[in-house]
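Enquirer: Here's a structure for you.
The values are calculated or read from the model by the stated rules, or taken from the named source; none is laboratory data. Nothing here was measured: the structure is a model prediction, and the numbers come from that model. As a convention, Cβ positions derive from the backbone with ideal geometry for all residues, glycine included, and neighbour counts pool all protein chains shown. These area figures cover heavy atoms from the full protein model, side chains too; ligands, DNA and RNA do not enter into them. Shrake-Rupley method; radii C 1.70, N 1.55, O 1.52, S 1.80 Å.
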Amino acid sequence: MVLMDSDCVAERARQRALVRRGYDAISLAYRSDDGDAATSSAEDISRYAGWVTELAGLLRPGARVVDLGCGAGIPATRELAGHGLQVLGVDFSAVQLHRARRLVPAARFVQADMAGLQLRPASADAVAAFYSLIHVPLADQRALLSRIRGWLRPGGYFLAIVGARQWTGTAPYFGTDMFWDHADTATYLHWLQAAQLRPIWNRYIPEGNSGHTLVLAEAS
């Protein structure tokens with residue numbers, strides 16, 4: 001049975017709400033106050049510093065950066081602020097944001113669902129999204145890319161972790177249900193081009209038996 005448009009919108013909202021409730025529940029299990037990942041995770045936290053350093057090297061001092069899906073602010077938001085950037089962290093988990101405001105006082109934070117977030121046109125020099133887009137339903141991801149282009153000044157940068165292979169599912173995650181939605185790398189590169197975000201490079205990031213893609217794009 002094919003879902004009507006209104007049913008599709010409601011289902012995507014349900015999926016995003018599942019993610020929000022999930023991170024409210026697992027915030028500390030997922031990431032300690034020291035920024036460490038859970039011992040059961042294949043995520044290499046040390047990679048964030050290099051990713052952020054590479055992005056910061058493309059930006060002027062004090063540049064404005066939006067960290068989409070910032071979570072508790074560690075390590076990515078803290079790394080961005082540590083480079084002297086003006087950082088706006090965005091997350092829809094109240095628990096995560098409560099911790100972020102305490103752990104990264106140099107950044108500003110707003111509680112919002114990135115799928116509906118509205119920012120001023122050309123108000124950001126860069127947008128980062130580390131392991132957050134992949135929790136957003138694909139239809140919302142593609143629409144969000146066009147809005148990200150609108151937030152960026154011409155020549156601004158978008159750095160994101162996206163899917164490497166197509167996969168959609170809900171599965172147990174640190175004791176709660178969690179939702180993911182991945183397109184493959186080629187699809188993301190096509191969507192970025194269509195949104196006037198020119199891919200500069202993409203890299204496969206291995207994690208255990210699977211992995212993701214890190215992509216840098218420039219607002220054309």
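Enquirer: Counting only other residues whose beta carbon sits under 15 Å from that of residue 175, what net charge do I get with K and R as +1, D and E as -1?
Expert: Working: positive: 21, 31; negative: 24, 177.
For residues surrounding residue 175, the net value is 0.
Enquirer: Grab the other residues whose beta carbon is less than 13 angstrom from that of residue 109, score K and R as +1, D and E as -1, and report the net.
Expert: Working: positive: 78, 99, 101, 102, 108; negative: 67, 91.
Net charge around residue 109: +3.
Enquirer: Express the C-alpha Rg of the chain as a ratio against the empirical globular expectation 2.2 N^0.38 Å, rounded to two decimals. The partial results should precede the final answer.
Expert: Values: Rg = 16.3 Å, N = 220, 2.2 N^0.38 = 17.1 Å.
It is 0.95.
Enquirer: Sticking with this structure for a sec: For the chain, what % of the accessible area comes from carbon and sulfur atoms, probe 1.4 Å?
Expert: 53 percent
Enquirer: In addition: If I histogram all Cα-Cα distances within region 35-141 using bins 10 Å wide from 0, what percent of pairs lands in each bin?
Expert: Calculated P(r), rounded to whole percents: 15, 48, 34, 4, 0.
Enquirer: Treat region 111-161 as a sphere of radius equal to its Kirkwood radius over Cα pairs and apply Stokes-Einstein at 4 °C in a medium of 1.567 mPa s; give the translational diffusion coefficient in µm²/s, rounded to a whole number.
Expert: Values: Rh = 11.2 Å.
D, rounded to a whole number, is 116 µm²/s.
Enquirer: Please work out how much length the chain gains when fully extended from residue 14 to residue 207, using 0.36 nm per residue of separation minus the C-alpha to C-alpha distance, in nm with one decimal. Kindly include the intermediate steps, with their values, before the conclusion.
Expert: Values: separation 193, 0.36 × 193 = 69.48 nm, distance 2.79 nm.
Result for the pair: 66.7 nm of gain on full extension.
Enquirer: Turning to a different aspect of this structure: For the chain, calculate the relative contact order in percent as a whole number, restricting contacts to Cα pairs under 8 Å that are 6 or more residues apart. Don't jump to the answer; show the numbers that get you there.
Expert: Values: 428 pairs, mean separation 39.5, N = 220.
Here the relative contact order equals 18 percent.
Enquirer: For the chain, what is the calculated [θ] at 222 nm in deg cm²/dmol (nearest 500), taking -39500 (n - 2.57) for each run of four or more DSSP H residues and dividing by its residue count?
Expert: On the way: 6 runs with 77 residues, N = 220.
When only DSSP H runs of four or more count, the value is -11000 deg cm²/dmol.
Enquirer: With a 1.4 Å probe and every protein chain left in place, work out the accessible area per residue of region 1-120 in Å², rounded to a whole number. Intermediate values should be presented prior to the final figure.
Expert: Numbers: 6060 Å² over 120 residues.
About 50 Å² of surface per residue is accessible.
Enquirer: Compute and list, largest first, the equivalent-ellipsoid semi-axes of region 11-65 from the alpha carbon gyration tensor, each √(5λ) rounded to a whole angstrom. Walk me through the numbers on the way to the answer.
Expert: On the way: eigenvalues 152, 70, 21 Å².
So the equivalent ellipsoid measures 28, 19, 10 Å along its semi-axes.
Enquirer: Suppose we keep just the DSSP beta bridges with both residues in the chain; what percent of those would be antiparallel, to 5?
Expert: Numbers: 25 of 42 bridges.
That works out to approximately 60 percent antiparallel.
Enquirer: Going through region 140-220, which trypsin sites (Lys or Arg not before Pro) have at most 13 other Cβ atoms within 10 Å and a DSSP loop state? Before the final figure, lay out each step's value.
Expert: Details: sites: 142, 147, 149, 165, 203; in loops: 165.
Sparse-neighbourhood loop trypsin sites (Lys or Arg not before Pro): 165.
Enquirer: Can you give me the C-alpha center-to-center distance between region 117-134 and region 50-104, rounded to a whole angstrom?
Expert: Rounded to whole Å, the Cα centres lie 11 Å apart.
Enquirer: Follow-up question, since we're still on this one. Nearest 5 is fine: what % of DSSP beta bridges in region 1-121 come out antiparallel, could you say?
Expert: Details: 1 of 10 bridges.
Expressed as a percentage, antiparallel bridges in region 1-121 total about 10.
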